[in-house]
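What follows is calculated from the coordinates using simple rules that are stated; it is not laboratory data. Predicted, not measured: the structure shown is a model, and the values here were computed from it. Note that each Cβ is placed from the backbone with ideal geometry, even for glycine, and that neighbours are counted across all protein chains shown.
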Amino acid sequence: MEIQQYLETQAGRINAHLDQLVPSSESAFKLLYTAARYSLLGPGKRLRPILTLATAETLMGDDRTALSPACAIEMIHSYSLVHDDLPCMDNDDFRRGRPTLHKVYNEGHAVLTGDYLLTRAFEVLAGATALSSEQRIALVASLAKYSGSGGMIAGQVLDIESTGKSLSLEELQLIHLNKTAALIIASLEFGGIVAQASEQQLHLLRDFGQKIGLAFQIVDDVLDVTNSAEKHGKTTSSDHANQKTTYVSLLGVEKAKEIAETLLKSALEVIAPLCKKSPLLPKIATLLVSRKK
Ligand code: GRG
């Protein structure tokens with residue numbers, strides 16, 4: 001199967017499962033679920049859950065038991081976007097080519113919808129009965145770490161703290177290792193936990209995730225300045241408006257692209273020992289760096 005077709009098929013499976021995990025609007029809590037579904041089922045790439053499925057497929061030739069954990073990761077991603085767009089954070093009016101959630105509803109509903117998606121993710125992991133108790137505990141611990149003080153939240157705090165200040169490359173890297181790369185590392189580790197990977201395999205997955213996570217953020221910074229708002233689907237250069245240092249503001253577009261390519265090359269070397277039977281992870285990593293939106 002061609003990689004593009006693989007990505008579309010997996011996004012379809014993920015969307016169908018997400019659709020089941022968050023009830024439709026016919027319930028007493030119609031507003032909560034409608035708002036959650038607006039964000040969760042919106043037109044995103046589903047990169048993180050696809051990485052979880054691809055890792056499980058790579059390591060055990062089957063990804064069925066990875067589907068619920070993969071969807072939990074997407075719930076965390078979706079909540080982070082909803083909260084990140086709020087006026088008290090990046091104050092973005094558009095995401096994925098549509099009005100942000102607080103513009104469609106209001107700020108209070110956007111905060112609560114994010115909170116719901118965050119808590120629902122852990123409920124989904126706890127209820128993933130196709131996996132052993134040990135595996136479920138490992139998934140909960142991994143997600144709590146990488147989405148919390150061992151990753152995304154810590155990175156977001158650093159990000160807010162540094163708004164309006166000019167950062168060094170090392171400081172910028174620390175923010176993005178936590179804010180962006182951490183959830184990508186969790187996505188890969190999730191596939192590893194489901195496939196009962198060895199500690200050595202998990203180490204390679206995390207290393208690969210760190211490199212492609214940083215490369216992904218660099219490409220995002222490049223697209224932020226090179227794409228029109230329509231193409232990128234969100235307010236272009238909100239980083240500039242929010243006085244944030246980016247890889248492009250520090251290095252320029254060409255040098256930033258070069259660093260992303262170097263990270264990709266190194267990531268491909270790291271993951272090669274695990275991918276002798278399946279080229280999925282290298283192919284996804286390569287697409288992630290060459291993407292145009
Ligand atoms: C507010 C709790 C909280 C966390 C914020 C991850 C994050 C931390 C904020 C998201 C905003 C942002 C620009 C993060 C950088 C990572 C990134 C490029 C996110 C967009 O991910 P895509 O491109 O989105 O995978 P789609 O729309 O395809 O799902």
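As a quick test, which of the pairs Lys165/Lys265; Lys211/Lys277; Lys145/Lys255; Lys30/Lys244; Lys145/Lys257 have an alpha carbon distance above 28 angstrom in this structure?
Too far apart for the 28 Å limit: Lys165/Lys265; Lys145/Lys255; Lys30/Lys244; Lys145/Lys257.
Rounded, prolate or oblate: which fits the stretch 1-145 when a ≥ b ≥ c are the square roots of the eigenvalues of the alpha-carbon gyration tensor, with rounded for a/c under 1.5 and prolate only if a/b beats b/c?
prolate
Obtain the radius of gyration and the Kirkwood radius of the stretch 6-66 from its C-alpha atoms and give Rg over Rh.
Here the Rg-to-Rh quotient is 1.07.
Out of Leu167, Leu81, Leu118, any idea which swings most in a Gaussian network model of the chain, alpha carbons joined below 10 Å?
Highest fluctuation of the listed residues: Leu167.
Which order do peptides 278-291, 56-69 fall in by mean Cβ count within 10 Å, highest first?
The peptides rank, most packed first, as 56-69, 278-291.
Which aspartates and glutamates does Lys293 reach when only Cα atoms under 12 Å apart count, and residues fewer than 8 places away in its own chain are ignored?
Once the sequence-local aspartates and glutamates are set aside, what remains near Lys293 is Asp220, Asp221, Asp224, Glu230.
For the chain, just say rounded, prolate or oblate: build the C-alpha gyration tensor, square-root its eigenvalues into a ≥ b ≥ c, call rounded for a/c under 1.5, and beyond that prolate if a/b exceeds b/c, oblate if not.
Verdict is oblate for the chain.
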